[in-house]
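Q: Provided herewith is a single structure, encoded as structure tokens, for subsequent inquiry.
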Amino acid sequence: NHMTLNLSPQAIELLNRHMATGRYASEEELIVSGLRTLTDRDEALAGIQRGIESMERGEGVPLEQAFEEIRRRNGLAAQ
């Protein structure tokens, strides 16, 4: 598949700045990396939203109880 994009001068400048870092072998690699980052962010935000909704339904645990569970799983002493 082939896609043609019409980018604004600001978007081209941003793309060029990222390409100049040498971290990306091609514009395609840069764009794919950006899309993956957006996907990861969207998934993280959806998880946070699910957590908020769960807490609003009263399904959460008190913060100290959550910290104690984390300490227990990681072999850490209570503070």
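The values are calculated or read from the model by the stated rules, or taken from the named source; none is laboratory data. Since the structure is predicted, the reported quantities are computational estimates derived from the model, not experimental observations. Note that we place each Cβ from the backbone using ideal geometry, even for glycine, and neighbour counts take in every protein chain shown. SASA here: full protein model, heavy atoms, side chains in, ligands and nucleic acids out. Shrake-Rupley method; radii C 1.70, N 1.55, O 1.52, S 1.80 Å.
Q: Please report, ordered by residue number, every helix of the chain (full DSSP H runs) that is 27 Å or longer along its axis going by C-alpha atoms and whose mean Kyte-Doolittle hydropathy reaches -0.5.
A: Span-like helices here: 27-56.
Q: Mind listing which GluC sites (Glu not before Pro) in the chain are in a DSSP loop and have 14 or fewer other Cβ atoms within 10 Å? Write out the running numbers ahead of the final one.
A: On the way: sites: Glu13, Glu27, Glu28, Glu29, Glu43, Glu53, Glu56, Glu59, Glu64, Glu68, Glu69; in loops: Glu59.
Filter output for the chain: Glu59.
Q: Just grab the label-to-label distance for Glu53 and Ser8, each label 7 Å out from Cα along the Cβ direction, in nm (one decimal).
A: 3.3 nm
Q: Ignoring the sites themselves, what is the longest stretch of the chain with no trypsin sites (Lys or Arg not before Pro) in a DSSP loop and at most 10 other beta-carbon atoms within 10 Å? Don't skip to the answer; put the middle values down first.
A: Numbers: sites that count: Arg23, Arg57.
Longest stretch, sites excluded: 24-56.
Q: Keeping all protein chains in position, work out how much accessible area Thr39 exposes to a 1.4 Å probe, and write it in Å² to the nearest 10.
A: Taking all protein chains as shown, Thr39 has close to 70 Å².
Q: Let me spell out the model: positive unit charges on the Cβ of Lys and Arg, negative unit charges on the Cβ of Asp and Glu, origin at the Cα centre of the range 1-57. What dipole size does that give, in debye rounded to 20?
A: 100 debye
Q: Can you give the Rg and Dmax of the chain based on its C-alpha atoms, in angstrom?
A: Final numbers for Rg and Dmax: 21.2, 57 Å.
Q: Then there is this: Return one whole number: the accessible area per residue of the chain in Å², for a 1.4 Å probe. Don't skip to the end; give the middle numbers.
A: Numbers: 7100 Å² over 79 residues.
Accessible area per residue: 90 Å².
Q: Say R0 is 22 Å: what FRET efficiency, to the nearest 0.05, do Glu43 and Glu64 get from their beta-carbon distance? Present the calculation step by step, with values, prior to reporting the outcome.
A: Numbers: r = 28 Å, r/R0 = 1.29.
Rounded to the nearest 0.05, the efficiency is 0.20.
Q: A further question follows. Roughly how many percent of the accessible protein surface of the range 1-65 is carbon and sulfur, given a 1.4 Å probe and a whole-percent answer? The partial results should precede the final answer.
A: Working: 3230 of 5770 Å².
Percent of accessible area from carbon and sulfur atoms in the range 1-65: 56.
Q: Along the charge dipole of the chain, Cβ charges K/R +1 and D/E -1, which of Gly47, Ser8, Phe67 sits furthest on the positive end?
A: Phe67
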